[in-house]
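Here's the structure we're looking at; comments come further down.
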Amino acid sequence: MPTDCTAGSEIGFLRFLRSIRGEATFEPVRFGIVGGVNYLRLFAGVIVVFISMVPPANSVPVSGVVRSKADQSPIAGAEVRVESATQGVVASMSGTFSIDLPSGIMVTLAAGKFGFINSSIRLTPSANSAPVVIHLEPLASGPPLSNPFHDPSVACTYCHAYYYEGWSGAGSGVASRHATAGSNTWVRDLVDGSGTGGGLGQPGYVFKRDSTSLAAGNPYTTGLCAECHLPLLSSLLPEDTPAGARVDLSDAAASSPEGSLERLAYDAGVACEVCHKTESVQQANGEFGRTGFFGKAKLFANDDGVQFGPLPDSDVDIPHIMRAAYNPLHTESRLCAACHEYRMDHDFDGDFDEAGSPGADHLF
């Protein structure tokens, strides 16, 4: 087994852990200073997990307050827990909390609240512990970035190799439907015949040639397919974008310039950040209306590093790659419904919530 861990990254250490279980060969990956720092952070986190498996020592109450890093204001409702624990406490209206912690054992105490970047402190609790303060940085405000997305093969695989392999098919050779959503030949043939190169003259149904709704004047000339098959493009459109100006599948192709957002949208389809940057999914009277990405799902594009998730105790802050932020939406199926519940406008009057035939009303 190689012993040069000085330049190992988090993925290197993950592979080391997996090699212990016989799942992989340990091959440290050089990832520079940032990788080395996060290697140590991950190692410390593993030690915390190991310590949590030790029979609990005497507990002592530790009090504290969660404050905004921007203006020191208290953050009511912030969730506070020991890193990797399944339960914790919720800060009061004044941002204060009290939590029982094992005496004499170093722990990482983390906090998270929707609208802020997760953060944590390390302490060794004792009966004489002074009140602690956890500062959370508010999410960035201002105009959205023109391209807040990253190539998963570069930004995600180092720390999340297991999940990246499942998404991309690396190793198995079978990519997920999410990964191939943008390049799916069947979908492209169905829309405009471009999947296998037959174009509008190919046999079988082709939406842009055979659609009776288009012939009847349907303004959604793109078919809305790109709303969920090219979300790296469609999610950045203003909500008031006219129906005929929405993203079309032809806007991204294998011929799109290497390194462009259009090429990434084609190659990566529903990439990791499509979900992990989803800030909210709107409903009106319990209804989703048209496909979620058509003005219903809002992606946070003000900071390319922000990644939402279901854990308030995940404290990872790597600028421009991953800044963990708690979002309770990521514990709900509503997140998936943005694309996996779809309604049609049967009479093209802009009302997607009126009654229609059950067979045409939903697509799961």
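Readers should treat all values here as calculations from the given coordinates under stated rules, not as data from a laboratory. As the structure is a computational prediction, the values presented were derived from the model and not from experiment. Note that we place each Cβ from the backbone using ideal geometry, even for glycine, and neighbour counts take in every protein chain shown.
The stretch between Glu137 and Gln202 holds 17.9 nm of extra length on full extension. This uses 0.36 nm per residue minus the Cα-Cα distance. Label sites at Val89 and Asn218, each approximated as a point 7 angstrom past Cα along Cα to Cβ, lie 5.7 nm apart.
Please give me the summed charge of the neighbours of Glu258: other residues whose Cβ is under 15 Å from its Cβ, Lys and Arg +1, Asp and Glu -1. With Lys, Arg at +1 and Asp, Glu at -1, the neighbours total -2. A full extension of the chain between Tyr162 and Ala175 corresponds to an added length of 3.3 nm, given 0.36 nm per residue minus the alpha carbon distance. Within the straight-line cut-off of under 24 Å between alpha carbons, the lysines reachable from Lys113 are Lys69, Lys277, Lys296, Lys298, sequence neighbours fewer than 8 places apart in one chain being disregarded.
Based on the mean of other Cβ atoms within 10 Å per residue, sort peptides 204-216, 313-325, 266-278 so the most packed one is first.
Values: 204-216: 13.2, 313-325: 19.5, 266-278: 23.6.
The packing order, highest mean first, is 266-278, 313-325, 204-216.
Distance between Cα centroids, the range 307-324 to the range 184-202: provide it in whole Å. Their Cα centres are 39 Å away from one another.
Annotation for Glu332 and Ala243: the two label points, set 7 Å from Cα along the Cα-Cβ direction, are 2.8 nm apart.
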